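Participant: Can you read through this structure? Questions will come right after.
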2 protein chains.
Amino acid sequence: MKTRFVLINTSHAGNVGGTARAMKVMGFSDLVLVAPRWANVLRREETIQRASGALDVLNNARVVETVEEALDGVTHLCATAMTPRDFGPPTVAPRAHFAALTSPANQTAGQRPESVAFLFGSERFGMQNEDVYRCHACLSIPTDPKFGSLNLAAAVQLIAYDWREALGGFTVQAATQTARHAGADEVAGMLRHWEQSLADIGFLDPQAPKKLMPRLNQLFNRAQLSSEEIHILRGVAKAMSQAAAQTRPPAPAAQAPASPASGASLTLPPAS
Amino acid sequence: MKTRFVLINTSHAGNVGGTARAMKVMGFSDLVLVAPRWANVLRREETIQRASGALDVLNNARVVETVEEALDGVTHLCATAMTPRDFGPPTVAPRAHFAALTSPANQTAGQRPESVAFLFGSERFGMQNEDVYRCHACLSIPTDPKFGSLNLAAAVQLIAYDWREALGGFTVQAATQTARHAGADEVAGMLRHWEQSLADIGFLDPQAPKKLMPRLNQLFNRAQLSSEEIHILRGVAKAMSQAAAQTRPPAPAAQAPASPASGASLTLPPAS
């Protein structure tokens, strides 16, 4: 959906640069500045520094004199305001409003807008009433009532994020391969191996096992072991038993260096 | 839930101030800096300027030397990373992860953490692998794959927002009173009034009404009129009829100044 960000009477060049960057990371590029404090704000050093690579957004941005010029062709206007007004469009939380705007039900009813503009007032005074009155909705970011003062570029970032998510969102690249969970039979086999090895090293007394093995079973269940981790834990068990059977072997076991803490100093809590 | 924000090796004082402000607007206050570039960063001018009133967060912030010192007592650690890694905790979108963490099902299962820390790496290099490996999850903010470079304080703002929303969120103060929707009978009565007045001013031809009144009915249905607006529209109708009946009255009608456009120049699209 065509999406435009409109900054009205912006004072700080850094916020214009921060806005360009905030838009670009969320895949938006249409920026219009209405009567900014600095006529050359798109080329100021602070702007470019804070834009941090979003120079295309700055290069394509328009500077206009009036709010009306900034809104050509946009069908749905969202004001942003911190302070409630006693008249004007309904005040709504962005996430809820965006969900409604993009809902399949709205789509079916032909109510989904063709294009949207988000309007942001000046850092100091916010939006003027007459500009809010043009709008279909007034977005209020839910902030701590004791300190609601969002930075302008931060507000743009939140709106751009929520709007992008409502439009379907970008995907998160899964970094790690999803590990295959070990089957309960693999966990049980590993635990039998550990039970033997813990007895070998003198930590588990087979005559008075208390609840040690069920405790370890629960711990490993919560951890949702992978097959690879079963393999590691079996290696540890093997090395424990080897360490107990011999004087310490000349080289550590191949699977995993075995340095189990001495069981003597560990005490189990009473079984519950 | 106890929530901590940890900035590791932060270079830019402005980002520390921006982080303090981003946290405070979402109701968080526990900030720890690990080995920042500037030892006096909490008192630098740029920090204080960008914090813009969140000075209590700066005043209560701790500066420590190691990541471990920053994490005392925290039970669930979330790394943040832009670039996927081939090993480490699962990479997850913050909103989905927070929903899972705070879900009633997790609560019932005793899996809801007691406290959470969010870790942010340096502006230039992000988090080091060994710090990511400590964590339970690696948050990846879903950004445009072609330009994923979020500003540090902007990333803090998004995470703080999503986390606050997951915890229940702040409420949006409804600015305007919710208007009572007019009943269908009120709309029908107003439309009868308009039908008469539109005939009076010569815009509606009762012999060839086309679909004018159903069209207006649909328009007003979409607008979801309030009772107050019914009142305004009846005032307009009354003034239209008065204007047609007399030469223009000496003073405009009380309800609303009647200046209807001449019907002569308006043409209806063909009824469909």
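Participant: Take segment A:31-58 and flag every residue that is surrounded by 19 or more Cβ atoms within 10 Å (Cβ to Cβ) and of a type in the set (S, T, N, Q).
Facilitator: A:Thr47
Participant: Let me ask something else about it. If you go through segment A:108-139, how many residues are polar (S, T, N, Q) and under 23 Å from A:Gly14 (Cα atoms)?
Facilitator: Looking only at that region, the number is 2.
Participant: Another question, if that's okay. Conditions: (1) within 30 Å of B:Glu165 (Cβ to Cβ); (2) surrounded by 13 or more Cβ atoms within 10 Å (Cβ to Cβ); (3) not acidic (Asp, Glu). A:Arg234 meets all but one. Number of the miss?
Facilitator: Here A:Arg234 meets the rest and fails (1).
Participant: Can you tell me which of A:Leu219, A:Leu212, A:Leu158 is touching an Asp or Glu at 6+ places or on another chain (Cβ under 9 Å) and either buried (at least 19 other Cβ atoms within 10 Å of the Cβ) or over 30 Å from A:Ala99 (Cα atoms) (or both)?
Facilitator: So the residue among A:Leu219, A:Leu212, A:Leu158 that is touching an Asp or Glu at 6+ places or on another chain (Cβ under 9 Å) and either buried (at least 19 other Cβ atoms within 10 Å of the Cβ) or over 30 Å from A:Ala99 (Cα atoms) (or both) is A:Leu212.
Participant: Go through A:Phe28, A:Phe5 for me and flag whichever is outside any helix (DSSP H, G or I), buried (at least 18 other Cβ atoms within 10 Å of the Cβ), within 13 Å of chain B (Cβ to nearest Cβ) and not β-branched (Val, Ile, Thr).
Facilitator: The match here is A:Phe28.
Participant: What tally of residues in segment A:145-168 results from selecting those that are touching a Pro at 6+ places or on another chain (Cβ under 9 Å) and of a type in the set (Ser, Thr, Tyr)?
Facilitator: 1
Participant: What number of residues within segment B:118-137 satisfy the criterion of being at pLDDT 95 or above and of a type in the set (S, T, N, Q)?
Facilitator: Number of matching residues: 1.
Participant: Search segment B:157-179 for residues being touching a residue at least 24 places away in the same chain (Cβ under 8 Å) and either more than 9 Å from every other protein chain (Cβ to nearest Cβ) or in a loop (DSSP other than H, G, I, E, B) (or both), and hand back the single one that is nearest to B:Pro84 (Cα to Cα).
Facilitator: Among those that are touching a residue at least 24 places away in the same chain (Cβ under 8 Å) and either more than 9 Å from every other protein chain (Cβ to nearest Cβ) or in a loop (DSSP other than H, G, I, E, B) (or both), it is B:Ile159.
Participant: A further question follows. So which residues in segment B:31-75 are part of a loop (DSSP other than H, G, I, E, B) and among the basic types (Lys, Arg), if there are any at all?
Facilitator: B:Arg37, B:Arg44
Participant: Right, here's the next one. So B:His136 passes all but one of these: (1) under 17 Å from B:Asp162 (Cβ atoms); (2) crowded, with 21+ Cβ neighbours inside 10 Å. Which condition number does it fail?
Facilitator: Checking B:His136 against (1) under 17 Å from B:Asp162 (Cβ atoms); (2) crowded, with 21+ Cβ neighbours inside 10 Å, the one that fails is (2).
Participant: Within the set of pairs 6 or more residues apart or between chains, which connect a residue that is in contact (Cβ under 8 Å) with a residue 40 or more places away in the chain inside segment B:74-87 to a residue that is basic (Lys, Arg) and part of a strand (DSSP E or B) with Cβ atoms less than 8 Å apart?
Facilitator: B:Val74/B:Lys2; B:Val74/B:Arg4
Participant: Can you tell me which residue among B:Asp72, B:Asp86 is modelled with pLDDT under 90 and of a type in the set (Asp, Glu)?
Facilitator: Exactly one residue qualifies, and that residue is B:Asp86.
Participant: Can you name the residue in segment A:101-145 that is among the polar types (S, T, N, Q) and within 14 Å of chain B (Cβ to nearest Cβ) and is also farthest from A:Arg37 (Cα to Cα) among such residues? Spell out the reasoning first.
Facilitator: Residues of segment A:101-145 among the polar types (S, T, N, Q): A:102-103, A:106-108, A:111, A:115, A:122, A:128-129, A:140, A:143.
Pick out the ones that are also within 14 Å of chain B (Cβ to nearest Cβ) and you get A:106, A:111, A:129, A:140, A:143.
Working: A:Asn106: 39, A:Gln111: 37, A:Asn129: 20, A:Ser140: 25, A:Thr143: 27 Å.
Among those residues, the one meeting the criterion is A:Asn106.
Participant: Let me ask something else. What residue, among those in segment B:146-155 that are small (Gly, Ala, Ser) and buried (at least 20 other Cβ atoms within 10 Å of the Cβ), is farthest from the other protein chains (Cβ to nearest Cβ)?
Facilitator: B:Ala155
Participant: Further question: Go through (1) surrounded by 13 or more Cβ atoms within 10 Å (Cβ to Cβ); (2) within 11 Å of another protein chain (Cβ to nearest Cβ); (3) modelled with pLDDT under 95 for A:Ala182 and report which single condition fails.
Facilitator: Result: A:Ala182 fails condition (2) only.
Participant: Ok, one more. Which ones in segment A:11-42 are in contact with a helix residue (DSSP H, G or I) (Cβ under 8 Å, 6 or more places away or on another chain) and farther than 15 Å from A:Val156 by Cα?
Facilitator: Matches in segment A:11-42: A:Val34, A:Pro36, A:Trp38, A:Val41, A:Leu42.
Participant: Right, something else. Which members of segment B:65-112 meet the condition of being under 21 Å from B:Asp131 (Cβ atoms), loosely packed, with under 15 Cβ neighbours inside 10 Å and among the hydrophobic types (A, V, I, L, M, F, W, C)?
Facilitator: Hit for segment B:65-112 is B:Phe87, nothing else.
The values are calculated or read from the model by the stated rules, or taken from the named source; none is laboratory data. Computed from a prediction, not measured in an experiment: that's the story for all the values here. In this analysis, Cβ positions are derived from the backbone assuming ideal geometry, glycine residues included, and neighbour counts consider all displayed protein chains.
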